[in-house]
Amino acid sequence: MMEPRSVPIDHRKGYGMKKPMLFMAMLLLASTGCSRRVGTNTRLEGEIKRKDPEIADRLEDAEELLTAAGRPVDPRSPCASFALASGKDLLIEVSSDDFDPVIVAFDRDGGILGVNDDWDGSFDSHLVLENVPRGARLLVFAIDGSRGEYELRSEEADQEDVAEFAAWTDLASGAVEGEVIDDKNDKLLEDILEDGLDRHFYDPDYRSARVHPFEVTREQLVSLFLESDRFDPILALVEIDGDEYVYVAHNDDYFGSLSSRIDQVLEPGRYAAVVIPYSSGADGRYSLSCEFYDLDSMEPDIMDAGAPGTEVAGSVTLGRGLAMGVWPGISVERPYDLMITAATPCAFFRFEIGSDEAGPYDIHASSTDLDAYLCLLSVEDGGVGYIASNDDYRGSDAGLTKLLAPGEYVALVTSYSGSAEGEVRFGYSPSRFEPQPLPEGRVVQANVSWTMPELYYSLEITAGSVYLVGARSDEIDPVIEVLLPDGTTLRDDDGGGYPNALLRLDPMPFQSGTALITVKDYYSSSTGPVRIEVTRERRTESGVFALYD
């Protein structure tokens with residue numbers, strides 16, 4: 001039970017009060033205790049003691065309700081309880097030098113109205129309530145169930161207070177700003193997160209984690225994005241099941257940065273985004289956004305790109321044709337250099353390369369409405385493979401030159417920002433850069449440049465011989481890719497000792513013919529000279545005959 005020890009609501013009125021009157025006021029407060037009403041101008045000091053009621057005595061099913069609200073509790077912890085002035089907009093703050101305070105407001109039926117723990121970089125609690133319903137109450141307790149003194153202050157909230165509180169706590173609004181405090185010691189949260197997440201992380205700082213619950217009312221794509229310029233954050237997605245957090249997904253260092261992103265199709269239910277510092281000692285603010293997309297927004301309208309050399313028009317429409325509709329695993333499989341996310345609206349173009357049409361192709365996308373961005377995927381047996389992407393190949397148009405094997409391809413065209421819509425045009429054609437014959441036994445000097453980021457060669461190969469294709473450079477990290485006549489693809493990086501590449505070709509009889517070779521930089525981010533050489537070794541006569549057995 002809380003025991004208020006002081007405090008006239010208006011200090012000016014209290015100044016000079018007669019001792020007998022002050023004594024009677026304190027006696028009245030002490031005798032009313034938990035019935036004290038928190039209104040638009042309340043100031044009081046109290047103490048939580050061992051004999052005070054437990055949280056479970058004041059709030060039925062407190063453990064499950066507050067876990068679902070993102071604040072795990074021990075329902076046996078002592079608490080102070082207050083009635084709340086109904087029909088008011090209230091701003092309530094609680095501070096303590098003895099413990100880390102939590103405040104919870106709930107209605108007469110036990111429905112949670114609001115919860116807060118920590119505010120503005122401190123352990124103080126801060127809660128804003130609009131139009132408090134009749135019969136609502138407030139609980140004050142320590143995060144670890146301890147006891148001690150505290151101060152409570154409340155005043156009438158204005159719309160600025162409401163908006164600020166929502167911006168820090170209400171993920172359902174689309175985004176929140178939050179803050180991690182480096183010396184936070186939240187053992188209850190640590191325990192529940194360890195139970196649900198520990199198999200997926202190596203020693204993160206659960207005690208400083210933040211939990212932001214949200215509701216999914218129908219099957220939807222949910223996109224969560226977390227970033228901070230103060231610490232390295234991990235983002236985890238959990239489903240709330242009673243008093244447990246069940247792992248769904250996580251991400252760390254999305255897009256080669258310290259940000260994190262999760263795109264997940266979720267069934268109806270209660271979920272939470274969990275912000276976890278990668279290591280202890282983290283401190284500072286972060287921003288977390290949450291967007292919901294209906295499943296029909298993922299349905300792709302894929303256009304036939306027609307024959308090589310033709311151009312086809314399509315359109316990018318915001319909220320429609322999301323990239324995940326063609327590439328379900330984009331959030332997990334995407335490379336660091338890809339600008340498209342699962343929720344990026346795209347126009348889709350499909351084309352095929354025939355069995356006798358393999359070779360370098362120029363692929364381009366343009367638009368007068370937006371800054372075009374192009375991503376090329378291969379499609380095989382229902383699976384999707386990333387080929388390459390580009391922005392600003394010529395001006396604001398996008399383009400690629402790639403050596404394509406026989407098969408099916410889908411091009412995704414969107415805006416560079418991912419937030420513009422309009423008409424786009426797409427086309428592909430055999431490249432003006434023909435593969436150059438690669439001689440055996442002679443070093444070819446070449447140069448990887450911004451205008452020629454990939455070098456193309458052809459090599460006649462015959463079953464019964466073994467070919468070694470090497471690429472050496474002091475300025476780039478060369479990679480060799482080979483497309484054999486039967487459609488098999490081979491690749492090597494560092495096979496000749498870092499950073500040099502060395503690829504061994506040992507063709508079977510059905511692989512004899514023209515092999516197409518690509519030499520490029522590993523990260524496509526460096527330029528410079530490269531030395532390419534092919535050597536051939538013949539198999540022994542018995543080895544050749546063995547190929548035809």
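Computed from the coordinates by the stated procedures, all read-outs in this text should not be read as laboratory data. For clarity, every value in this text was computed on a predicted model and none was experimentally measured. Reconstructed Cβ throughout: ideal geometry from the backbone, glycine too, with neighbour counts over all protein chains shown.
Can you run phi through the Karplus equation (6.51, -1.76, 1.60; θ = phi - 60°) for segment 41-57 and list ³J(HN,Hα) in whole Hz, with x for Gly and Pro?
Running phi through 6.51 cos²θ - 1.76 cosθ + 1.60 with θ = phi - 60° gives 7, 10, 9, 8, 10, x, 9, 8, 10, 4, 7, 5, x, 7, 4, 4, 6 Hz.
When the Kirkwood radius is taken over all Cα pairs of segment 299-430, what Stokes-Einstein diffusion coefficient follows at 37 °C and 0.692 mPa s, in µm²/s?
Diffusion coefficient, whole number: 228 µm²/s.
When only Cα pairs under 8 Å and 6 or more residues apart are kept, what is the percent relative contact order across segment 299-430?
Relative contact order for segment 299-430 comes out at 36 percent.
Enter the angle in degrees (range 0 to 90, nearest 10) between the Cα long axis of helix 19-32 and the first principal axis of the Cα atoms of the chain, meaning the one along which they spread out most.
Result, in degrees: 60.
Give the percent of DSSP beta bridges with both residues in the chain that are antiparallel, rounded to the nearest 5.
Taking every DSSP beta bridge with both residues in the chain, the antiparallel ones total about 95 percent.
Cα centroid distance between segment 349-376 and segment 411-444, in Å?
7 Å
Can you grab the distance from the C-alpha centre of segment 45-114 to the C-alpha centre of segment 317-336, Å, no decimals?
43 Å
For segment 273-279, what does the Karplus curve 6.51 cos²θ - 1.76 cosθ + 1.60, with θ = phi - 60°, yield as ³J(HN,Hα) per residue in whole Hz, taken in order and with x for Gly and Pro?
The phi angles translate into 8, 10, 9, 10, x, 4, 9 Hz.
If you line up the Cα atoms of the chain on their principal axes, what length do they span on each, largest first, in Å?
Its Cα atoms span 114, 48, 41 Å along the three principal axes.
Nearest 10 degrees, 0 to 90: what angle lies between the long axis of helix 187-197 and the longest principal axis of the chain (Cα atoms)?
The helix 187-197 is inclined about 30 degrees to the chain.
What trypsin sites (Lys or Arg not before Pro) in segment 215-263 are in a loop by DSSP, with at most 10 other Cβ atoms within 10 Å of the Cβ?
Taking segment 215-263 and a limit of 10 other Cβ atoms within 10 Å, the loop trypsin sites (Lys or Arg not before Pro) found are R218.
All other residues with a Cβ under 14 Å from the Cβ of L221 taken together, and with Lys, Arg as +1 and Asp, Glu as -1, what is their net charge?
Result for the neighbourhood of L221: -4.
Any chance you could run the full-extension gain for D474 through T514? It's 0.36 nm times the residue separation minus the Cα-Cα distance, nm to one decimal.
This chain segment gains 11.5 nm when fully extended.
Would you calculate a helix-derived [θ] at 222 nm for the chain, using -39,500 (n - 2.57) for each DSSP H run of n ≥ 4 and dividing by the full residue count, to the nearest 500?
-3000 deg cm²/dmol
Quick one: Karplus J couplings for segment 335-351, per residue in order, coefficients 6.51, -1.76, 1.60, θ = phi - 60°, nearest Hz, x for Gly and Pro?
Karplus-based 3J(HN,Hα) across segment 335-351 equals x, 5, 8, 7, 8, 7, 10, 4, 9, 6, x, 9, 9, 10, 10, 10, 8 Hz.
What is the Cα centroid distance between segment 489-541 and segment 227-273, reported in whole angstrom?
Using only Cα atoms to place each centre, the spacing works out to 41 Å.
Please report, in debye to the nearest 20, how large the charge dipole of segment 406-549 is about its Cα centre when each Lys and Arg carries +1 at its beta carbon and each Asp and Glu carries -1 there.
Dipole magnitude for segment 406-549 comes out near 300 debye.
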